[in-house]
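Working notes for the structure below.
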Amino acid sequence: MRALAVLLASLALPAQAYFEANEVGARALGLGHSFVSVADDASAVHWNPAGLVTLPRHELLLAYDEAADVEGLRHGFGAVALHPGPVSVGFGWRHGGVEGAVREDVLYASLARTAIRRSLGAYAAGGATLKVARLSLDTAGFEDVAGLRGNATRVTADVGILLAPIPNVTTGVVIRNLGQPTFDMLEGGARTSLPHEVEWGASLRWREDAWLHLSRRHRDPGAETRAAAEFRVAQSLDVRAGLGRHAITGGIGIGWASWTLDAAFRSRDIVGWTYRIGLRRRFGAERGVAGGDFDAF
């Protein structure tokens, strides 16, 4: 397993093979990661920081997943969203890695505010996230490899916009990894980058209990389109399905009082079947937020 660390360092595989492909949040996974125009839970710190303004209360979110076909490959995420005054803030921690070989940690700090609010639920909000990313390799036994670094830390940022131009429609756009920081883990070898990417999407609440989502992500060397649907089949039960270029996803959400349990899966892709479970809890006094209500016209 330690030899994998050196392989990953020399071939720059951590970001390319797993960390870039594995996103956060069980609800987002159930929706095929078509979440940039939704972003209405604490995982907005990752997906679109502007979405923090849509949360009616403070929220704590925890999620965990494993790839079934890769031993030791695990991923965890935790975030909290708070609303001190007219702004919304969020903090998160994302961890992933292969046990005994490589790990990546990302810290998030987000700030968002509603800039425009009009009648019939129309609004515009903006947000930004500062990210500190750390890539670490287990170099035990390879101390004599010239130029091999055990860890590296880089800083980058995301900016996002959430816009509801008409009732029941929300659009979002986010620019991620400004500056495209690079990890040079092996002197003279290939480098691992956090790629610059632009993602945009739109969501339609076409019934009071049904949503459709579409998004498109642009990142070298190409772009990917994702689509999803979400249905509230009972007062406390949501069913989700998503479709992307590489996988099919599905999931459910079960609510009870201020708690929501989310479970999701992704079909076989480069790391095999992935299963993710998440727990959300909202707390504190409810506040008025832009959007959120269904307009039957």
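Bear in mind that the values in this text are calculations on the coordinates, not laboratory data. Fair warning: this is a prediction, and the values are worked out from it, not measured in the lab. Note: ideal-geometry Cβ built from the backbone for every residue, glycine included; neighbour counts use all protein chains shown.
Here is how the numbers come out for the structure above:
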{"quantity": "For peptides 232-245, 88-101, sequence by mean Cβ density within 10 Å, most packed first", "calculated": "88-101, 232-245"}
{"quantity": "Estimated FRET transfer efficiency when R0 is 25 angstrom, pair residue 286-residue 207 (beta carbons, to 0.05)", "calculated": "0.55"}
{"quantity": "Column: log10 I(q)/I(0), Debye, Cα scatterers of region 2-283, q = 0.11, 0.15 Å⁻¹", "calculated": "-0.62, -1.13"}
{"quantity": "Protection proxy ranking, peptides 114-123, 128-137, average beta carbon neighbours within 10 Å, highest first", "calculated": "128-137, 114-123"}
{"quantity": "Projected label distance in nm at residue 267 and residue 216, using a 7 Å step from Cα toward the beta-carbon", "calculated": "2.3"}
{"quantity": "Difference of contour (0.36 nm per residue) and Cα-Cα distance, residue 224 to residue 120", "calculated": "34.2 nm"}
